[in-house]
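Participant: Here it is, the structure in full.
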Amino acid sequence: MKKSNLVNITLIIILLILTIIILTTNYKNTEKKTYDTYIIVSDGIGFDINNTIISFGEIRPGGTSTRKIILESDSDKKIYVRAYAEGEIKEFIEEIREVIEPYETINISITAAVPQGAEKKTYKGKINIIMKKELF
């Protein structure tokens with residue numbers, strides 16, 4: 001085998017090992033939490049205090065409802081936060097991106113904004129919160 005082929009194969013192996021290390025480290029530094037959520041669009045107004053799901057309660061078309069979530073860092077690295085909705089409720093909730101500084105506590109506000117003319121019914125979905133630690 002030629003020396004140049006051996007060098008190329010060695011470089012490819014090193015790159016593959018480095019890629020695996022980076023991907024594994026990245027995975028360990030990422031945490032995802034998923035919460036069931038719902039909103040009732042109706043002529044009434046109401047709220048629900050619940051510790052197991054994120055409920056936006058009962059809202060009229062054209063109204064909003066906000067829920068706050070406390071996020072706390074016990075790390076000496078920044079944590080990048082992304083919160084987004086999926087499912088039927090997705091159309092009412094904008095994605096949120098925040099940064100938690102080392103050892104900081106923040107509140108993120110997730111707001112459901114129901115447009116005028118929205119169909120009166122219960123909308124369900126999930127809210128995903130992804131927290132990714134800075135690597136270095």
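Participant: If you go through segment 95-107, how many residues are under 17 Å from residue 35 (Cβ atoms) and more than 11 Å from the chain's Cα centre (by Cα)? Break it down stepwise before answering.
Facilitator: Restricting attention to segment 95-107, the residues satisfying the condition of being under 17 Å from residue 35 (Cβ atoms) are 95-96, 98, 107.
Still in the running and more than 11 Å from the chain's Cα centre (by Cα): 107.
Total satisfying the criteria: 1.
Participant: Additional query: For residue 43, are the conditions met, namely being in a loop (DSSP other than H, G, I, E, B), of a type in the set (D, E, K, R) and either within 27 Å of residue 30 (Cα to Cα) or free of Cβ contacts under 8 Å to residues at least 60 places away in the same chain (or both)? Explain how you work it out, then say what you get.
Facilitator: Working: in a loop (DSSP other than H, G, I, E, B): yes; of a type in the set (D, E, K, R): yes; either within 27 Å of residue 30 (Cα to Cα) or free of Cβ contacts under 8 Å to residues at least 60 places away in the same chain (or both): no.
Answer is no for this residue.
Participant: For segment 77-88, state whether one or more residues are surrounded by fewer than 12 Cβ atoms within 10 Å (Cβ to Cβ) and over 15 Å from the mean Cα position of the chain (by Cα). Spell out the reasoning first.
Facilitator: Filtering segment 77-88 for residues surrounded by fewer than 12 Cβ atoms within 10 Å (Cβ to Cβ) gives none.
The answer is no, given that none of the residues of segment 77-88 is surrounded by fewer than 12 Cβ atoms within 10 Å (Cβ to Cβ) and over 15 Å from the mean Cα position of the chain (by Cα).
Participant: Considering (1) closer than 30 Å to residue 134 by Cβ; (2) surrounded by 14 or more Cβ atoms within 10 Å (Cβ to Cβ); (3) at pLDDT 90 or above, say which one residue 29 fails and leave the rest.
Facilitator: (3)
Participant: For segment 32-42, what are the residues that are polar (S, T, N, Q) and either at pLDDT below 90 or in contact with a Gly (Cβ under 8 Å, 6 or more places away or on another chain) (or both)? Before the answer, list the steps.
Facilitator: Applying the first criterion (polar (S, T, N, Q)) to segment 32-42 yields 34, 37, 42.
Scanning segment 32-42 gives a single hit, 37.
The values are calculated or read from the model by the stated rules, or taken from the named source; none is laboratory data. Computed from a predicted structure; not experimentally measured. So basically every Cβ, Gly included, is an ideal-geometry build from the backbone, and we count neighbours across all protein chains shown.
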